[in-house]
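First comes the structure, then the notes that go with it.
The values are calculated or read from the model by the stated rules, or taken from the named source; none is laboratory data. Since we're looking at a predicted model, the values are computed, not measured. FYI the Cβ positions are ideal-geometry reconstructions off the backbone, even for glycines, and counts take in every protein chain you see.
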């Protein structure tokens, strides 16, 4: 039978009378792409398209989804970015074969607990929403590898986020986080952690348990010190800490022997530990905008250093 999706008369694209069944039957991949069609409404009949593997509805004017969308149990990809969604139906959790869900650039303030039923999900895009909190059920997404939560209004993370043991990338920049749960150290597969532009005042010691981390980005927070356990992150290649309130670095920073880029500009550092000399793979070192009066003589051991930024400090002399 023919299924009809209807736009508001003001829409720029009229789908009335569009034979979606026929269209899909001619598409052996089961992909329905309605991106940027001015779509304002999905009718309940969308739930009849049970053979769909991908439904792409991004860049439209949708404000809600019908509960019947949960009938699409064969769906692998659902694209809903750049709409005007304010809520998700609880039936979203019935789409248990989803592995990619894009919800960025909407107006979501929260997520239904049923989001945790999407246990096959590998990518979840929630960026650029006004989400204030995550449900504990987020920790049920055991196969998740990529989680984008940047530019929301999160003030805290649930402890259950530590259950995401397969997560490789976590994007949390541009939120209002003041601290991290100690359980973050359980995310043993994490390779990239973006936390810049938050309000963090400290880091839990368990940050040092992220042994696979290669990129740690903490610019523009309120950190006054780093825990000694930071030295356990021996896989780190890049660490950025500019725009904080650091007055010193722990000696353990010298353990980061794979580090190639260390950004420490605009802090309150008055000296560097001699152990900085152990970072023999360092290519870039930014120290601009601090209170350094000199550098340790051991800095000469950084024979791979190509970029050294020292402007905005006191007159330099080698100690």
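Miscellaneous remarks
- Residues of the stretch 237-256 include none that is without any contact (Cβ under 8 Å) to a residue 24 or more places away in the chain, in contact with a helix residue (DSSP H, G or I) (Cβ under 9 Å, 6 or more places away or on another chain) and assigned to a loop (DSSP other than H, G, I, E, B).
Quick grid of which residues meet (1) part of a loop (DSSP other than H, G, I, E, B); (2) in contact with a strand residue (DSSP E or B) (Cβ under 6 Å, 6 or more places away or on another chain); (3) within 15 Å of residue 106 (Cα to Cα); (4) in contact (Cβ under 8 Å) with a residue 60 or more places away in the chain:
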| position | (1), (2), (3), (4) |
| --- | --- |
| 46 | no, no, no, no |
| 50 | yes, no, no, no |
| 61 | yes, no, yes, no |
| 69 | no, no, no, no |
| 73 | yes, no, no, no |
| 78 | no, yes, yes, no |
| 82 | yes, no, yes, no |
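- Test: residue in the stretch 290-310 that is crowded, with 19+ Cβ neighbours inside 10 Å, modelled with pLDDT of 95 or more and within 28 Å of the chain's Cα centre (by Cα): no
- Check on residue 275, assigned to a helix (DSSP H, G or I), over 25 Å from residue 186 (Cβ atoms), in the same structural domain as residue 307 (by TED's automatic domain parsing) and touching a residue at least 24 places away in the same chain (Cβ under 8 Å): yes
- Those strands (runs of 3 or more DSSP E) lying entirely in the stretch 102-219 with at least 2 residues farther than 21 Å from residue 70 by Cα, assigned by TED's automatic domain parsing to the domain that holds residue 73 and in contact (Cβ under 8 Å) with a residue 24 or more places away in the chain: 146-148
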